[in-house]
Amino acid sequence: MSWEVVIGLEVHVQMNTATKAFCGCSTEFGAEPNTQTCPVCLGMPGQLPILNIEAVQKAVLTGLAIHATINLESKFDRKNYFYPDLPKGYQITQLPVPIVEHGYLDIPSGDGEKRLGITRIHMEDDAGKSMHEGLDGISHIDLNRAGVPLMEIVSEPDMRSADEAIAYLKQLHQLVLFLDVSDANMEKGQFRCDANVSVHHPGTPFGTRAELKNMNSFRFIKQAIDYEVGRQIELIEDGGKVALESRLFDSAKGETRSMRSKEEANDYRYFPEPDLPPLRISQEEVNAIKAGMPELPGQLRKRFETEYGLSVYDADVLTQTRELAAWYESLAAAHPADPKRCANWLANELLGRLNEADCGITDSPVSPESLASLLDRIADNTISGKIAKDVLDTMLETGHDTDTVIEEKGLKQVSDTGVIDAMIQQVLEANPDQLAAFRGGKDKLFGFFVGQVMKVSRGKANPGLVNQRLKVLLKS
Ligand code: ADP
Ligand code: ZN
Ligand code: MG
């Protein structure tokens, strides 16, 4: 009997609002510990929360982008638990009535797409951070993060493999970046995921799920799910039963291990948050947010295909981030003659070199206009495509512009017939045997002569002209 894998994901997305969810403290990452706190986020008695409208707008925008229902009235609840990084003793969240429900995301699947349901998005506030490392065995607590607004995005159990789960996560990650609702830096914990995993035989009810907690790398999430699927199948086949529990992924060992049995809603003694009234937004406000929605990755990809004639692959590569897509559009505007050449040089040449230097596109020492002028010099035959790659290297090293580098290095393509003829003569004299063979009918040697002339010119001869002149001079 075959096994089917069932996965549902809960993703915590830290919103990039200027201030925290319920107070005016800054959310800036990396400040001195405990310098961005106030009586509200420290949980002092008698302090009242005030909801941050920016967080509401970002949650609504995300909801609209996943085609969901926006609840014009939603409610806040208290989820009570004790933990040292949670000074209030409870988290403010939304249980029965979240701000967003019933959405979906389409992911690429085979030749088409697969629609994955999103159950809900609710708003909540983050906890602080416990720090244990490098502190002489003493644990410290940093409450700068306490009260930073989160969206929890809960999917339906619609994924059937680790690969589908990763495709969904990557798409969601790209989406929140495009919407600019989160900086979504996974290493900084701004986009983290719990994966619920079960196995069953198709046609039978779903199996019991294990919840793999708090992972923040695509690679680890995939490893954790794959390991967990294997563990559950083996367990069941050996006559055991999967326990409803939370598990932790140990990336060093590549395995998951039990953390605690799964808590239930009533363990948290949820109750309506008495300090916040129901959250009401008007349809007009929702419409205004909708009107300000930026172009989404899928739309942008399609536009790149039609407007610039790019392949699906190139369009996909160049729309991975908003910054990269904007960079490409500046380049294509500055070198309008050949958008395809722009795509190749950006995706293959420039990005490759920047990646090696661990440099992002926004920090590129070569600007779109500067790369465009390099492409202009290829187009007008000043330099060959091959030499242009060396010029690009030098531009990246020195920050000099195209024409300066070509001038400084004496790289101008040789398109003077007299000079090329002289080089050809030199090659013919140096290779009398090949010349005799060619004239005796060995046509294939033509390429050999082209190669030799290019070599003599150190790559600078105009290849079209070399071909043309060789055809004449080899015959005479
Ligand atoms: P909790 O916070 O208790 O984990 P949620 O409702 O927030 O509960 O999240 C449950 C998650 O588990 C959802 O993403 C849901 O799709 C997923 N899920 C539910 N049942 C299964 C199952 N049998 N196998 C895998 N995932 C499941
Ligand atoms: Zn505060
Ligand atoms: Mg869960």
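The values are calculated or read from the model by the stated rules, or taken from the named source; none is laboratory data. None of the values given here were measured: they were computed from a predicted structure. Virtual Cβ from ideal backbone geometry, glycine too; neighbours counted across all protein chains shown.
The table for this structure:
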quantity: Residue list for the range 175-206, filter: within 14 Å of residue 153 (Cα to Cα) and touching a Pro at 6+ places or on another chain (Cβ under 8 Å); calculated: 175, 196
quantity: The range 37-78: number of residues that are more than 11 Å from ligand 2 (Cβ to nearest atom), farther than 15 Å from residue 123 by Cβ and among the polar types (S, T, N, Q); calculated: 1
quantity: Qualifying residue in the range 448-469 (condition: among the hydrophobic types (A, V, I, L, M, F, W, C) and either loosely packed, with under 14 Cβ neighbours inside 10 Å or closer than 30 Å to residue 324 by Cα (or both)); calculated: no
quantity: Only listed residue being free of Cβ contacts under 8 Å to residues at least 40 places away in the same chain and touching a helix residue (DSSP H, G or I) at 6+ places or on another chain (Cβ under 6 Å), chosen from 385, 441; calculated: 385
quantity: Qualifying residues in the range 209-220 (those that are touching a strand residue (DSSP E or B) at 6+ places or on another chain (Cβ under 8 Å) and of a type outside the set (S, T, N, Q)) - the one nearest to ligand 3 (Cβ to nearest atom); calculated: 211
quantity: Condition met for residue 70 (surrounded by 21 or more Cβ atoms within 10 Å (Cβ to Cβ) and either within 16 Å of ligand 1 (Cβ to nearest atom) or under 28 Å from residue 224 (Cβ atoms) (or both)); calculated: no
quantity: Close pairs (7 angstrom Cβ cut-off, 6 or more residues apart or separate chains): within 17 Å of residue 180 (Cβ to Cβ) in the range 318-335, of a type in the set (D, E, K, R) and in a helix (DSSP H, G or I) anywhere; calculated: 319/301
quantity: Pairs with Cβ under 9 Å, 6+ apart, first in the range 115-128 and at negative phi and small (Gly, Ala, Ser), second at pLDDT below 95 and buried (at least 23 other Cβ atoms within 10 Å of the Cβ); calculated: none
quantity: Index of the failed condition, residue 152 passing every other in (1) surrounded by 15 or more Cβ atoms within 10 Å (Cβ to Cβ); (2) among the acidic types (Asp, Glu); (3) farther than 25 Å from residue 296 by Cβ; calculated: (3)
quantity: Residue check, residue 243 within 15 Å of ligand 3 (Cβ to nearest atom), of a type in the set (Gly, Ala, Ser) and surrounded by fewer than 18 Cβ atoms within 10 Å (Cβ to Cβ); calculated: yes
quantity: Residue check, residue 253 within 16 Å of ligand 1 (Cβ to nearest atom), over 25 Å from the mean Cα position of the chain (by Cα), basic (Lys, Arg) and within 27 Å of residue 169 (Cα to Cα); calculated: no
